[in-house]
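> First the structure, which I've put down as structure tokens, then a few questions once you've had a look.
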Protein chains: 2
Amino acid sequence: MIVSEKMLKFGGNSAIRAMFEEGKRMAKEFGPENVYDFSLGNPSVEAPSKVNETIIDLVKNEDSLKLHGYMPNPGYPEVRKKVADSLNSKYNTSFSAEDIIMVVGAASGLNVVLKTILNPCDEVIVSAPYFMEYRSYVSNYDGKLISIPGLKGSFQLDLEAIEKSINKKTKAIILNSPNNPTGVIYTRESLEKLAEILRRKNAELGIDIVLVSDEPYRELSYDGYEVPFLTNIYENTIICYSFSKSLSLPGERIGYLAVSDKIADREKLLECLVVSHRILGSVNAPSLMQKVIERCIDIDITPNVEIYDANRKLLYNILIKAGFEPVYPAGAFYMWLKSPIADKDFVDLCKKYRILVVPGSSFEGEGYVRVAYCVSKEMIERSENSWFKVAEELGLKSKAE
Amino acid sequence: MIVSEKMLKFGGNSAIRAMFEEGKRMAKEFGPENVYDFSLGNPSVEAPSKVNETIIDLVKNEDSLKLHGYMPNPGYPEVRKKVADSLNSKYNTSFSAEDIIMVVGAASGLNVVLKTILNPCDEVIVSAPYFMEYRSYVSNYDGKLISIPGLKGSFQLDLEAIEKSINKKTKAIILNSPNNPTGVIYTRESLEKLAEILRRKNAELGIDIVLVSDEPYRELSYDGYEVPFLTNIYENTIICYSFSKSLSLPGERIGYLAVSDKIADREKLLECLVVSHRILGSVNAPSLMQKVIERCIDIDITPNVEIYDANRKLLYNILIKAGFEPVYPAGAFYMWLKSPIADKDFVDLCKKYRILVVPGSSFEGEGYVRVAYCVSKEMIERSENSWFKVAEELGLKSKAE
């Protein structure tokens, strides 16, 4: 067999991606207006117009060789400086350009970080439910994923259980807040307590646990919820950021790593992160998009957030009215919906009424499904009838207006 | 230590990249016109004007959500079909869209392939000298690189030695023709003999050796040299292509994998290549650039090749006149120059006269240096005096015109 044994175990497509392909198939069969595809985190709001204006301006006026050429592996120095300056002014941090590494999206950034820090059998803690690819990313470098269920109902961090799971093999904890799939934002209080625990355990065990923060949804918070900036809370923090959601550029693969300037072994770490980036084959973040970020990083994206917020309220109200029990999300663009039956059966029942959602078990979150509301308002409205039919078939009691 | 033991061994920067940074530093100190930087394979010829025109047209006229959004992981179906059609018409192959996977440049493509096929301790053969990152790529997946020196003087494949090195653990052979760093193109005869050897060994040992062809320089051949298309010669072939050099887009990270439609375990392999691509974090090739390729793949790049060809002749003549012994390259944009002293000392001597070249030992090609002539004609002309001074200091006999 040409394929390696390890890869064979990964089997096929991801559940989310499979659903995405299924949605395309169903759209062909039933017409796109009759399929309610809530499966993928693909922004439904266009990139701010300044993004496309900037692309045109760059292509017309910049030196084409520089615009599309190699630059130092961690990115154009002026772009890295701009990212550092932007973070410093927003979050009162003290990043310099060298703490910033431009990467091919947050997923690639996470791989770069994990490749750099993980020894075989090192443990990486995540709070469940979690974005399922974390398991693959950790396995890529022979690490061991330790999944700790979030607190029941609130899905906040179970700090006690996290503390108990820490041992000499613990190398990192991956946080994702605002969270995919729950939409939960971890409170400042819980993050500060987590930092205390990590510091205590570091001292006790003579280790340096790295907090790896996966932040593609950082700006997507509603009702004024605070998303605390983690390098201000814990020194051994690496932030993996993507512009996929904030600037609606998921296909362009553009993001950055921001490495705390107080992290342990900083110099060696920065050097090795750049080496990992190169030898994993990403080499550098796409050049034109780097230059776009330089000019667009401080765009006010409030209008886009307001559109997702309106979707959030609309979908939540429909689900509540139909008799479901969704978690009201504080951020991101996912609703975490309690499944009245086994989640895979629930997904199938939804599909019967042409609603596509992802089973919670794909996130180690059995008993729930994820409903991505980064879709058009019109689609949410059109889906109402189907949600009621699903509820009816389940014998749920719909609530009066 | 936060950094893993394996990564620590990689040490710091690559020699090429270190030289690139050194060149930037020297340009600041001495003025860019007084530094002759032949270190990096960064195209000196602009992308064809149609590339930038296409970007503007796409941004102005395409649906922004689709242009910058997620698509199926292996790429937009219409882009994959266009690549397949283009190859089929040029090389008389029979690719379908599903044999093509759009990737984040050839380096990422190589990682995707090696991750998919390598079991720990599997052996991967390369012909030395070779692009030094191959060693890291193979090591990423715990494979073992087996380096076989090319034939003395010609740097063609040493088929006898390759055959002898094949055993049950042999999983792949990486070819790179036109070659970086030698500029050599492997002859059709040698490739057909190689295919015979691989087939014989496959049958004898019950294995399926994969020919992984790294082809960023495919179109850069001079004097009508043929670059044979490898899926037509050996069935278990995967081509890793990049548009970095042909369309002068190295910073944009855009390329593809073309998997022979006659490869062993084809269906499972294609599925797992896509999974590797996703879980390594590349997820998909940059979306805007995919759409650029759809429209620009068949651009006639003869004018660009002619510029490199003129550089090739100019540099070769200077070096010969000065008394050096370069290998006259058939393709790519590198000259492989015999070093009259230890190559690292030669590099230092060149640096004294502000010429930057890469030591052959960085490619497992001791006794030579690599001179990249993807630079401006003017820089080559300006460098003449320095080359003569280096030759003089080495006591070389310069040749009359």
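Bear in mind that the values in this text are calculations on the coordinates, not laboratory data. Computed from a prediction, not measured in an experiment: that's the story for all the values here. FYI the Cβ positions are ideal-geometry reconstructions off the backbone, even for glycines, and counts take in every protein chain you see.
> Label A:Asn385 and A:Thr302 with points 7 Å out from Cα along Cα→Cβ: what is the distance between them in nm?
Distance between label points: 3.8 nm.
> Right, here's the next one. Hey, which of these cross-link pairs are over 18 Å Cα-Cα: B:Lys90/B:Lys313; B:Lys144/B:Lys268; B:Lys60/B:Lys81; B:Lys169/B:Lys201; A:Lys245/B:Lys60? Provide the component values of the computation, followed by the final result.
Details: B:Lys90/B:Lys313 28 Å; B:Lys144/B:Lys268 24 Å; B:Lys60/B:Lys81 24 Å; B:Lys169/B:Lys201 12 Å; A:Lys245/B:Lys60 21 Å.
Among B:Lys90/B:Lys313; B:Lys144/B:Lys268; B:Lys60/B:Lys81; B:Lys169/B:Lys201; A:Lys245/B:Lys60, the Cα-Cα distance tops 18 Å for B:Lys90/B:Lys313; B:Lys144/B:Lys268; B:Lys60/B:Lys81; A:Lys245/B:Lys60.
> Sticking with this one: Roughly how many nanometres apart are two label points built 7 Å out from the Cα toward the Cβ at B:Glu226 and B:Ala310?
Result for the modelled spin labels: 3.0 nm.
> How large is ³J(HN,Hα), in whole Hz, for each residue of region A:386-393 in order, when computed from phi with the Karplus curve 6.51 cos²θ - 1.76 cosθ + 1.60 and θ = phi - 60°, using x for Gly and Pro?
Ordered by residue, 3J(HN,Hα) equals 5, 4, 5, 5, 4, 4, 4, 5 Hz.
> Suppose you put the label 7 Å out from Cα in the Cβ direction; list, shortest first and in nm with one decimal, how far A:Glu204 is from each other copy's label.
Counterpart label points of A:Glu204 in the remaining copies fall at 6.1 nm.
> Next question, about the same structure. Taking the mean number of other Cβ atoms within 10 Å as a proxy for protection, how do you rank A:105-117, A:184-196, A:70-82 from highest to lowest? If you can, show how the numbers build up before the last one.
Values: A:105-117: 28.0, A:184-196: 18.5, A:70-82: 20.2.
Listed from highest to lowest mean packing, they are A:105-117, A:70-82, A:184-196.
> List, shortest first and in nm to one decimal, how far the label point of A:Lys321 (7 Å from Cα along Cα→Cβ) is from its counterparts in the other copies.
Label-point separations across copies, in nm and ascending: 8.4.
> Quick one: net charge around A:Lys262, please, counting Lys, Arg +1 and Asp, Glu -1 for every other residue with C-beta under 11 Å from its C-beta. Mind showing how you got there, number by number?
Numbers: positive: A:Arg266; negative: A:Asp99, A:Glu235, A:Asp261.
Result for the neighbourhood of A:Lys262: -2.
> Could you compute the net charge surrounding B:Arg80? Neighbours are other residues with a C-beta less than 13 Å from the C-beta of B:Arg80; K and R count +1, D and E count -1.
On the way: positive: B:Lys81, B:Lys82, B:Lys291; negative: B:Glu78, B:Asp85, B:Glu98, B:Asp99, B:Glu294.
It works out to a net charge of -2.
> Further, regarding this structure: Highest mean first, what order results for A:370-377, B:343-350 on Cβ atoms within 10 Å?
On the way: A:370-377: 22.5, B:343-350: 19.0.
The densest-packed peptide leads the list: A:370-377, B:343-350.
> Pull up all non-local amide H partners of B:Gly323: gap of 5 or more, or a different chain, and H-to-H distance under 5 Å with H placed in the peptide plane.
It is B:Lys399, by chain and number.
> Next question. Place the peptides A:121-127, A:172-178, B:309-315, B:35-41 in order of packing, highest mean first, counting for every residue the other Cβ atoms within 10 Å and averaging per peptide.
Details: A:121-127: 21.3, A:172-178: 25.0, B:309-315: 18.9, B:35-41: 22.9.
Ranked from most to least packed, the peptides come out as A:172-178, B:35-41, A:121-127, B:309-315.
> Per-residue Cβ counts within 10 Å, from other chains only, averaged over B:287-299: what number is that?
Values: counts 6, 8, 7, 1, 1, 0, 0, 0, 0, 0, 0, 0, 0.
Mean partner-chain Cβ count within 10 Å for B:287-299: 2.
> Please give, to one decimal in nm, the separation of the simple spin-label points placed at A:Lys144 and B:Glu33, each 7 Å out from Cα toward the Cβ.
It works out to 6.5 nm between the two label points.
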